[in-house]
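To start, the structure under review is shown below, and the notes come after it.
The values are calculated or read from the model by the stated rules, or taken from the named source; none is laboratory data. Since this is a predicted model, take the numbers as computed values, not measurements. Please note: Cβ atoms are built from the backbone with ideal geometry, for glycine as well, and neighbour counts cover all protein chains shown.
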Amino acid sequence: MMRNALRILTVLILGLTIGSPESYAKKKSDGEARIKLEESTFNFGIIDEKGGPVSHEFEFINTGTGNLVIYDVRTQCGCTRPEYPKNPIAPGKKGKIKITFLPQGRVGSLNKAATIYTNGKPSKTEVRIKGSVVPKK
């Protein structure tokens, strides 16, 4: 009885100190994702209010060693719509975040931000669109 208890205790201690090789390998290979934007601001210039939506794609690359996941892209108002990749971006691969602006009823200066939330470094970053909306004639 005492021997069995000693054996169980020894196995438990070894298991806690060594850990499983699979979990160690997974931690080592996960790496860290890093998002690097090619540009962070885009200026549309003059936008005709009646011309309809305008869009720009912000390109980025995952410069890290782990997969990059974009959790969300939030904009300041309903006049700005984001589209972003839902699948992980592998290390060294590129992706695009498309920001569409709806100029109808938005005459004047345009300066809107979209915040990108990721699992990488930085965990949140911002892109910005600028321009000037002229009234429909």
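Among residues that are modelled with pLDDT of 90 or more, farther than 30 Å from residue 137 by Cβ and surrounded by fewer than 15 Cβ atoms within 10 Å (Cβ to Cβ), residue 57 is not included.
Considering only region 90-137, state which residues are within 14 Å of residue 54 (Cβ to Cβ) and free of Cβ contacts under 8 Å to residues at least 40 places away in the same chain. Passing the criteria: only 112.
Give, as residue ranges, the strands (runs of 3 or more DSSP E) completely inside region 63-137 that count at least 2 residues that are surrounded by 18 or more Cβ atoms within 10 Å (Cβ to Cβ) and more than 15 Å from the chain's Cα centre (by Cα). Spell out how you get there, then give the answer.
Working: elements: 70-75, 80-83, 94-101, 108-118, 124-134.
Hits in region 63-137: 124-134.
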